[in-house]
Amino acid sequence: MIKISKDIQFYGYTGFLIIVLAYCIVQLYIKSHLPELGWTVSDWLINYEDGGFKRRGLSGSILFFIQDSFGIPLNTQIFFIQSLFFIIIFYFFIRLVISKKVNWDILILACSPLCLLFIPVSIFNSGRKEIIVIALMVYFVTGRITGLKKYVLFIGFIIGLFLHELFYFYLPFLMAASIVKTNKIDFKYLGGLFVTSTAVMLILFFYGGEINQGQSLELLKQRGIELGTFNIFTYNVVEERKSMIEAYQSYILFGAELILMVLLFFIFVKKYIPQKLKAFKIFTLISLLWVSPLYFLGADWFRWNHIYSVLLMVLIIAAMPDNDQKTVSIEGRFNTPLLMIMILFFIVFYLHIQYDSSGNSEEYLLQYIQDKISFLKI
C-alpha cells in the first residue's frame, strides 16, 4: 500500500477547501446578478434612509454612501464583501489548523454540513452578516494574541451589533476565545466587552426602529435593486411563527442535527483533550442557554445551528496543543467510520434543506429525489 505523507494529505485537504471556497464565490456572483435578488442581498441593504435609526441599518447606509460616492452598484459591493469575508474565514481557518497539533477527526468534523460545508449546501442563505462574527472569531484565535487583535475583536464586535443584533447571542464564544488564548480571565477586557455590547443592545431595543419603515423597497428600486417576493423587507414575524408550528417536524430535525453535532464535538474533546472536558460541558450549557432566545425569535434554525457549530469548532481547535514544528502536524489515522457518519449526515441535511426551502413539501422532496435518481441513470 502506498503511504501518503502528512504534508500531501494536508495539501489535498486544503485543495478541497479551496474548491469549496471557489464554488461559493462563483455561486455568490451568480446570485448577485440575478434579475431578482433574495435574502443574502436584502439583509445587507437595511438602511437608515428609510425612517432613521433602526436595527441592522448601518450596512445599507454605508453601501448607499459608497454607491453615491464611487458609483459602484449595490449588488457588486455586496458580492465583494461576501467574497472577502469568506476568503478571510477559509484563510485563517487553514492557518489555525497548521498552527495546532490536529488529527483527521477534527478535520472531518470541520467539514460537517453544519460547519464549513454548510456554505455550499445552503448557498441560497450563505453570505449573510454572520460571516463577520465568524471571521472575527477565526482571526482572533489564529496565532499569538496582540493588542491590535484585542482592539479588532472588541471594536469589530460592537460595530457588528449595529449590522445585526444576532452577534450578541454568540458573545460567549468570543469571551471564551479570549480565555482560551490567554489562559486567564481578563475581567477588564471581557467586562468591557459585555457591558458595552449589552448597552448597544438596549439602545437598539428601545430606540431602534423597524427594519422596513415603508419606503425601503422603493428606495432600493431607485438604486437599481429589484428584490424577489421573499426578502428581509417583506418578512412577517406572525406568519413565520405560524409556519414554524405547522412545520414542527422540520424544526425537531433541526434540533436533532444540532444535538448530534454537539455530541460529536463532546466525543472528540473527551478523546483528545480530556483536560478540557469539564470546561467544554460548562461552556456548552452556558452558550446554548445564551443562544436559545434566537430559536424563539427567528425561524432560521439551520443558520443558528451553523453559526453555533462553526464557532464551537473553531474554539475547540484553538484549545488544542500548539504545533511547534515547521511542518504540518496531523496525528493519528484517518477516521473512516467518522467520515461515513459525516457523509450520511451531509445527505440527510442536504435533503432536509431541500424540504425546508420548498415550504416543507414532502411531494417536492420526493420529486426532487426521483429527478436526481433519473438523472444519474442517464
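Could you grab me the full set of residues in region 192-211 that are farther than 10 Å from residue 55 by Cα and either open to solvent by 70 Å² or more (accessible area, probe 1.4 Å) or in contact with a Gly (Cβ under 8 Å, 6 or more places away or on another chain) (or both)?
Listed by number, the residues that qualify are 194, 195, 202, 206.
Here are the criteria: (1) in a helix (DSSP H, G or I); (2) surrounded by fewer than 19 Cβ atoms within 10 Å (Cβ to Cβ); (3) small (Gly, Ala, Ser); (4) under 22 Å from the mean Cα position of the chain (by Cα). Tell me which single one residue 135 does not satisfy.
The failed condition is (2).
Could you grab the pairs with beta carbons closer than 9 Å, sequence gap of 6+ or different chains, first residue in region 130-143 and farther than 16 Å from residue 180 by Cβ and touching a residue at least 60 places away in the same chain (Cβ under 8 Å), second one outside any helix (DSSP H, G or I) and of a type outside the set (Val, Ile, Thr)?
Matching pairs, first to second residue: 130/164; 133/164.
Quick one: would you say residue 60 is in contact (Cβ under 8 Å) with a residue 60 or more places away in the chain and open to solvent by less than 60 Å² (accessible area, probe 1.4 Å)?
Working: in contact (Cβ under 8 Å) with a residue 60 or more places away in the chain: no; open to solvent by less than 60 Å² (accessible area, probe 1.4 Å): yes.
So residue 60 does not fit the description; no.
Take region 231-245 and flag every residue that is in a loop (DSSP other than H, G, I, E, B) and surrounded by 11 or more Cβ atoms within 10 Å (Cβ to Cβ).
Residues satisfying the conditions are 231, 232, 233, 234, 235.
Quickly run through region 203-229 and pick out the residues that are under 27 Å from the mean Cα position of the chain (by Cα), touching a residue at least 24 places away in the same chain (Cβ under 8 Å) and farther than 27 Å from residue 76 by Cβ.
Scanning region 203-229 gives 204, 208, 209, 210.
Could you run through region 322-369 and say how many residues are under 29 Å from residue 141 (Cα atoms), at pLDDT below 85 and of a type in the set (A, V, I, L, M, F, W, C)?
The total comes to 1.
If residue 184 satisfies every condition in (1) charged (D, E, K, R); (2) at pLDDT below 95; (3) surrounded by 11 or more Cβ atoms within 10 Å (Cβ to Cβ) but one, which is the exception?
(3)
From the residues in region 287-304 that are more than 15 Å from the chain's Cα centre (by Cα) and assigned to a loop (DSSP other than H, G, I, E, B), which one is farthest from residue 242 (Cα to Cα)?
The selected residue is 298.
Name the one entry in 106, 119, 81 that is over 30 Å from residue 266 (Cα atoms) and touching a helix residue (DSSP H, G or I) at 6+ places or on another chain (Cβ under 8 Å).
Sole residue among the options that is over 30 Å from residue 266 (Cα atoms) and touching a helix residue (DSSP H, G or I) at 6+ places or on another chain (Cβ under 8 Å): 81.
If you go through region 287-295 one residue at a time, do you hit one that is open to solvent by less than 40 Å² (accessible area, probe 1.4 Å), touching a Leu at 6+ places or on another chain (Cβ under 8 Å) and on the phi < 0 side of the Ramachandran plot?
Yes: one or more hits.
State which residue pairs qualify: first residue more than 15 Å from residue 201 (Cα to Cα) and inside region 282-294, second residue exposed (fewer than 11 other Cβ atoms within 10 Å of the Cβ) and modelled with pLDDT of 95 or more in any location, beta carbons under 7 Å apart, and separation of 6 or more residues or different chains.
Sorted first by the residue in region 282-294, then by its partner, the list stays empty.
Considering 317, 341, which residue is open to solvent by less than 20 Å² (accessible area, probe 1.4 Å), closer than 21 Å to residue 9 by Cα and not charged (D, E, K, R)?
Going through 317, 341 in turn, just one is open to solvent by less than 20 Å² (accessible area, probe 1.4 Å), closer than 21 Å to residue 9 by Cα and not charged (D, E, K, R): 317.
When residue 155 is evaluated against the numbered criteria (1) open to solvent by 30 Å² or more (accessible area, probe 1.4 Å); (2) assigned to a helix (DSSP H, G or I); (3) more than 22 Å from residue 291 (Cα to Cα); (4) not acidic (Asp, Glu), which criterion, by number, is the only one it fails?
Evaluating residue 155 over (1) open to solvent by 30 Å² or more (accessible area, probe 1.4 Å); (2) assigned to a helix (DSSP H, G or I); (3) more than 22 Å from residue 291 (Cα to Cα); (4) not acidic (Asp, Glu) leaves (3) as the failure.
Taking region 20-53 as the search range and keeping residues that are in a loop (DSSP other than H, G, I, E, B) and among the aliphatic types (A, V, I, L, M), which one is most open to solvent (accessible area, probe 1.4 Å)?
By that ranking, first place goes to 34.
What is the number of the single condition among (1) surrounded by fewer than 18 Cβ atoms within 10 Å (Cβ to Cβ); (2) closer than 30 Å to residue 183 by Cα that residue 255 does not meet?
Every condition holds for residue 255 apart from (2).
The values are calculated or read from the model by the stated rules, or taken from the named source; none is laboratory data. Note that the coordinates shown come from a computational prediction; the quantities given were computed from them, not determined experimentally. Virtual Cβ from ideal backbone geometry, glycine too; neighbours counted across all protein chains shown. Heavy atoms of the whole protein, side chains included, go into the accessibility calculation; ligands, DNA and RNA do not. Shrake-Rupley method; radii C 1.70, N 1.55, O 1.52, S 1.80 Å.
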